[in-house]
Amino acid sequence: MSLLRVIRPKLSKFCACATNRLCQQNYSSLVGRDFDSLKYYQPDEIKQLLWTANDLKVRMKKDKELYQPLVGKSLAMIFQKRSTRTRVSSESGMNLLGGQSIFLGPDDVHIGVNESIKDTAHVLCRMCDVILARVYGHDVVDTLASESSVPVINGLSDLFHPLQILADLLTLQEHFGELKNLKLAWVGDGNNIIHSLMIACAKLGMEIRVATPSGYLPDTGIINSCNKFSAKHGGKIHLTNDPKEAVYRANAIITDTWISMGQEEESAKRLKDFDGYEVNSKLVKEAAADWVFMHCLPRHKEEVSDSVFYGKNSVVWQEAENRKWTVMAVIHHLLKDYQPVHPQPNF
C-alpha cells in the first residue's frame, strides 16, 4: 500500500513564551493536522509534542492545576482492536482537558462493513472535533484522514503506532535527562511499534539496533525511509538477527508481543521462531550499566522474564502512564495551540 498522503499545511507560528521566562523556541501550530505517522512530522514538531506532554504532566499532576481548554470539544474513538492503555489514556486525558470522548467499539460501528470508511468519516467529522482510530489496516487511517474535515489520530494500525512512541520517548527523556545520545535496542518482531520507533530515532538523531529473527524484519519501505531520515538528521539504524549484538551497551532494551491480534493462528510457529529472543537476566548483562527495560504492554512471559519485567531497571509503568500525557498533548495541539509554562527539557 502507498505510504504517501497529502499533508495539511501548517498554520501560523507563534512564540512559546511563559511569564518572566525567555522564549524557548518558535512553536509551530499543529492545529488541523492529522497524527497518523511520525513520517509526516519534523524533528522540532516531535520535540514540541514531547515538551507539551511534559508541561501538562507537571502542571496537572505535580502542581494540581485545573486546566480545561477543550470544554465543548468531543473525541470520537473507533476501536477495531481492544486496548487498556489507549482507551483509558484517551478518555481520561480528554476529560482532564475539559472535553468528552465517545467510545465506538466493534459492536457500535461496523466500519467498512455496514457502512463505508468514507461515509463513517463524513458522519463523525460533523459531530465530533477529532477522531482517534485503533484499527487493523493502515489504509483505514488513511481513508479516515483523507475524508474527514477534522483531525484524525492513529491509535494503532498494522503499520504504525506513533502514540506509543511518544510515550516511550517521554519516558526516556524523564529517566536519562536527554534523548539524542542514547543507544536503544529492540529485541522482537519487526512490527508497527518498531516501525514508528525507527522513524523517531532517525529523525531525532538517536541510535537504535534492531534484532529480529530471520523473516521478521521491519517493512522494507519503512527501512528505506528511515535510512533517508537518518542521513538527514544524524540517526543510526542497525539491523541484526543477534539479540546480544543489539543489546550490547544499550541504554534501553525494548520489546513487544511476538503475537499481535490477528496473528493467533501463527502462535506455534512464532513461538518457535522467536526462541532465544526473551529479554532475561543473561541478555541484559550485555547492556550499558544504566540500562532500562521498556514494553508497551500487555506483556507475555515468553517475551521477558519476571526478573527483568518487575526489576529495578524496568520503567514499564512510567511508560504506560505517559501514554496519557502524550495523547493529551497530541489532542490539544490538533485542536488548539499550546504555550508551555515550563522550560523545554533537553532532547
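The values are calculated or read from the model by the stated rules, or taken from the named source; none is laboratory data. Worth saying up front: this structure is predicted, and the values here are computed from it rather than measured. Neighbour counts are summed over all protein chains in view; Cβ atoms, including those assigned to glycine, are modelled from backbone coordinates with ideal geometry. SASA here: full protein model, heavy atoms, side chains in, ligands and nucleic acids out. Shrake-Rupley method; radii C 1.70, N 1.55, O 1.52, S 1.80 Å.
Got at least one residue in the range 45-68 being within 16 Å of Asn154 (Cβ to Cβ) and either assigned to a strand (DSSP E or B) or touching an Asp or Glu at 6+ places or on another chain (Cβ under 7 Å) (or both)? No, the conditions are met nowhere in the range 45-68. Annotation for the range 227-248: at least one member residue is in contact with a strand residue (DSSP E or B) (Cβ under 9 Å, 6 or more places away or on another chain), hydroxyl-bearing (Ser, Thr, Tyr) and assigned to a helix (DSSP H, G or I). Residue check: is Thr171 in a helix (DSSP H, G or I) and in contact with an Asp or Glu (Cβ under 7 Å, 6 or more places away or on another chain)? Considered against the rule, which asks whether it is in a helix (DSSP H, G or I) and in contact with an Asp or Glu (Cβ under 7 Å, 6 or more places away or on another chain), Thr171 comes out as yes. Scanning the range 278-291 for residues that are touching a helix residue (DSSP H, G or I) at 6+ places or on another chain (Cβ under 7 Å) and exposed (fewer than 13 other Cβ atoms within 10 Å of the Cβ) gives a single hit, Ser281. In this entry, Ser196 is excluded by the filter for residues that are assigned by the TED database to the domain that holds Glu278 and open to solvent by 10 Å² or more (accessible area, probe 1.4 Å).
Residue selection: Asp275 fails the criterion of being surrounded by 13 or more Cβ atoms within 10 Å (Cβ to Cβ) and either closer than 22 Å to Asn154 by Cβ or over 21 Å from the mean Cα position of the chain (by Cα) (or both). When only residues in the range 111-145 that are part of a helix (DSSP H, G or I) and of a type in the set (A, V, I, L, M) count, which is most open to solvent (accessible area, probe 1.4 Å)? Selected residue: Val123.
Can you find a residue that is assigned to a loop (DSSP other than H, G, I, E, B), hydroxyl-bearing (Ser, Thr, Tyr) and surrounded by fewer than 18 Cβ atoms within 10 Å (Cβ to Cβ) anywhere in the range 249-272? Checked against the condition, which is being assigned to a loop (DSSP other than H, G, I, E, B), hydroxyl-bearing (Ser, Thr, Tyr) and surrounded by fewer than 18 Cβ atoms within 10 Å (Cβ to Cβ), the range 249-272 yields no hits at all.
For the range 199-226, a residue qualifies if it is in a loop (DSSP other than H, G, I, E, B) and either open to solvent by 10 Å² or more (accessible area, probe 1.4 Å) or of a type outside the set (A, V, I, L, M) (or both), and the qualifying residues are Gly205, Thr212, Pro213, Ser214, Gly215, Tyr216, Leu217, Pro218, Asp219. Here Gly99 does not qualify as surrounded by 20 or more Cβ atoms within 10 Å (Cβ to Cβ), small (Gly, Ala, Ser) and under 20 Å from the mean Cα position of the chain (by Cα).
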